[in-house]
1. State all residues of segment 159-187 that are closer than 18 Å to Y59 by Cβ, near ligand 2 (Cβ under 10 Å from one of its atoms) and part of a loop (DSSP other than H, G, I, E, B); if no residue qualifies, say none.
2. Take T159 and decide whether it is under 17 Å from the mean Cα position of the chain (by Cα) and of a type in the set (V, I, T).
3. Any chance you could count how many residues in segment 111-136 are among the polar types (S, T, N, Q) and open to solvent by less than 20 Å² (accessible area, probe 1.4 Å)?
4. Among residues belonging to segment 122-158 that are more than 16 Å from ligand 2 (Cβ to nearest atom), touching a Gly at 6+ places or on another chain (Cβ under 9 Å) and assigned to a strand (DSSP E or B), point out the one that is farthest from T181 (Cα to Cα).
5. Can we say E176 is more than 11 Å from ligand 1 (Cβ to nearest atom), acidic (D, E) and open to solvent by 90 Å² or more (accessible area, probe 1.4 Å)?
6. Just to check your reading of the model, which residue among K190, K201, K89 is open to solvent by 30 Å² or more (accessible area, probe 1.4 Å), away from ligand 1 (no atom under 16 Å from the Cβ) and either part of a helix (DSSP H, G or I) or closer than 28 Å to I68 by Cα (or both)?
7. Have a look at K141, K163 and point out the one that is of a type outside the set (S, T, N, Q), farther than 17 Å from K198 by Cα and open to solvent by 40 Å² or more (accessible area, probe 1.4 Å).
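The values are calculated or read from the model by the stated rules, or taken from the named source; none is laboratory data. Bear in mind the structure is a predicted one, so any value in this text is a computation, not a measurement. So basically every Cβ, Gly included, is an ideal-geometry build from the backbone, and we count neighbours across all protein chains shown. Please note that ligands, DNA and RNA were not included when accessible areas were found on the heavy atoms of the full protein model with its side chains. Shrake-Rupley method; radii C 1.70, N 1.55, O 1.52, S 1.80 Å.
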Amino acid sequence: MRSSNLYVLVVTLFLAFSCSEKPPRPIDSSQPMTILIQPFKDFNSETVTETAKKIRKIYPNVKILNTIDLPKNAYYRDRNRYRADSIIKFLDSRTKEGFVTIGLTSKDISVTKGKVKDYGIMGLGYRPGKACVASKYRLNKNNTDDQFFKIAIHELGHTQGLKHCPEKTCFMRDAEGGNPTDEETDFCHKCKTFLINKNWKFNSI
Ligand SMILES: [Zn+2]
Ligand SMILES: [Zn+2]
């Protein structure tokens, strides 16, 4: 009787010790992603704060980084523009797993689109990926901050894997060379559901 009790105790102790020694944890893919806001030096700090505030309402995990220079290799002298593809490549190289960086600039940015070698755009983002950029250069002067938030959230949507959306009022609408942001009111139901499945909160919208 005694020896069997002792056996039970030993087994219990063994289990207790063996359970406390867990193998190293694999990287937790359910860990929420952090959005890093990377203002470039040309960008005004009020709009940085305002944009961060608006993004936090639908995705709370947001950090603002110190300003940096635009990457020199992105400058396109002929048209005094910055290449958006070079900017997001640069931001991507500085972004660790579990983070998404959005660059904010007031400079004109461009990308090659079909046969047009240097096509001016408002934003560009990997789909999906860790980096995107938004420019306020092409926005209306009277409601820049509101339009800028819509560009930023559109590009962040791409980084999450969202494609362009046929809904005219959806943030994921294709700009098609214009600036339709004043007609956009929210993510449509379909795009919103997609983001909710990626841990987006939509607390205040
Ligand atoms: Zn887009
Ligand atoms: Zn949509």
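1. L162, F171, M172, E184, F187
2. Numbers: under 17 Å from the mean Cα position of the chain (by Cα): yes; of a type in the set (V, I, T): yes.
Judged against the criteria, T159 is a match.
3. Of segment 111-136, the ones among the polar types (S, T, N, Q) are 112, 135.
In the following step, the residues that additionally are open to solvent by less than 20 Å² (accessible area, probe 1.4 Å) were identified as 135.
Total meeting the criteria: 1.
4. A131
5. Values: more than 11 Å from ligand 1 (Cβ to nearest atom): no; acidic (D, E): yes; open to solvent by 90 Å² or more (accessible area, probe 1.4 Å): yes.
Criteria not met by E176.
6. Working: K190 fails: away from ligand 1 (no atom under 16 Å from the Cβ); K201 fails: either part of a helix (DSSP H, G or I) or closer than 28 Å to I68 by Cα (or both).
After applying the criteria, what remains is K89.
7. K141
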